[in-house]
Amino acid sequence: MDFYGTIGPACADAALLQQMVEAGMTGIRMNLSHGPLAAHKDWLALLRKAGVKKLLIDLQGPELRIGRLPQPLSLTAGQTVRLGAQGIPCPAALVQGVQPGQELLLDDGKLLARVDTVEPDALCCTVVRGGVLQSRKSLAAPGAHVELPTLTAEDRENLRIAADCSVTGVMLPFVRGAADIRDLRKAGCIAYPEDLEIDRSRANKELLAAKTLEEIAEISGGLYEVPERFRKK
């Protein structure tokens, strides 16, 4: 059995990482939802110094997220906000995939907004449940069909430099079907099936079908599930 830890501020120390390896840790998972691989050169140096041999990168995958904000944004109930051009950055696919009246859940539902009008490049919304919104938080449109690519532009850049960063495996979250794995392989990110891990911890409901899971398992290195408290935020 393999054991992986997730690198973060709490363990970003060469001596501590070395102790984790000596205790039986197989390798490290690096969550790239909040920053690109190129921005973690300091962590990569620590992993090399600590003798960590296996590095799995966890991509962003086909999930809706708020873009990067200059600073946290305080939203209050009744406030009008724009999502998209000249407003809170969000995927263009969301703007194209919803209609007036659509509810939008932000940051795992902590904040709630309602779409009032849809413009070609933005959504005009009313905040129903306020709070503080931070960069790269999750965004959901219950019931809406939003067409998302398997990989974001940042995912593709991370894959491009993966070999130079000694990456040994790739994790793709929010997999919707075998086509996502094929898209990942077409991106040229992986050479051997056993190097690929597929995160189904927050997959879409159709992935729960046994047949779909079997199809994914056949063309990937395996499936894993993350405990609720460790899932991507």
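The values are calculated or read from the model by the stated rules, or taken from the named source; none is laboratory data. Predicted model only: the values in this text are computed from it and were never measured. Backbone-built Cβ (ideal geometry, glycine too); neighbour counts: all protein chains shown.
If only one of ARG65, ARG48, ARG29 is over 17 Å from LEU94 (Cβ atoms), basic (Lys, Arg), at pLDDT 90 or above and in contact with a Leu (Cβ under 9 Å, 6 or more places away or on another chain), which one is it?
ARG29
Return the pairs, sorted by first residue and then second, in which the second residue is part of a strand (DSSP E or B) and of a type in the set (Asp, Glu), the first residue lies in region 15-33 and is in contact (Cβ under 8 Å) with a residue 40 or more places away in the chain, the beta carbons are less than 8 Å apart, and the residues are 6+ apart or on different chains.
ARG29/ASP58; ASN31/ASP58; LEU32/ASP58; SER33/ASP58
Within region 136-144, can one find any residue that is over 22 Å from GLN71 (Cα atoms), surrounded by 15 or more Cβ atoms within 10 Å (Cβ to Cβ) and either aliphatic (A, V, I, L, M) or modelled with pLDDT under 95 (or both)?
The initial filter retains those residues of region 136-144 that are over 22 Å from GLN71 (Cα atoms), namely 141-144.
Checking which are surrounded by 15 or more Cβ atoms within 10 Å (Cβ to Cβ) leaves us with 141, 144.
Okay, now just the ones that are also either aliphatic (A, V, I, L, M) or modelled with pLDDT under 95 (or both), so 141, 144.
Yes; the residues of region 136-144 include at least one that is over 22 Å from GLN71 (Cα atoms), surrounded by 15 or more Cβ atoms within 10 Å (Cβ to Cβ) and either aliphatic (A, V, I, L, M) or modelled with pLDDT under 95 (or both).
What are the pairs with Cβ atoms under 9 angstrom where one residue, in region 127-141, is farther than 18 Å from ASP116 by Cβ and the other, located anywhere, is in a loop (DSSP other than H, G, I, E, B) and among the hydroxyl-bearing types (Ser, Thr, Tyr)? Sequence gap at least six, or different chains.
GLY131/THR76; ARG136/SER33
Would you kindly identify the strands (runs of 3 or more DSSP E) lying entirely within region 3-110 that contain at least 1 residues that are under 19 Å from the mean Cα position of the chain (by Cα) and crowded, with 20+ Cβ neighbours inside 10 Å?
On the way: elements: 4-6, 27-31, 55-58, 73-75, 80-84, 103-106.
Output list reads 27-31, 55-58, 103-106.
Looking at (1) surrounded by 13 or more Cβ atoms within 10 Å (Cβ to Cβ); (2) within 27 Å of ARG185 (Cα to Cα), can you tell me which one GLU147 breaks?
(1)
Name every residue in region 150-169 that is surrounded by fewer than 16 Cβ atoms within 10 Å (Cβ to Cβ), small (Gly, Ala, Ser) and assigned to a loop (DSSP other than H, G, I, E, B), in order of residue number.
SER166 - this is the single residue of region 150-169 that is surrounded by fewer than 16 Cβ atoms within 10 Å (Cβ to Cβ), small (Gly, Ala, Ser) and assigned to a loop (DSSP other than H, G, I, E, B).
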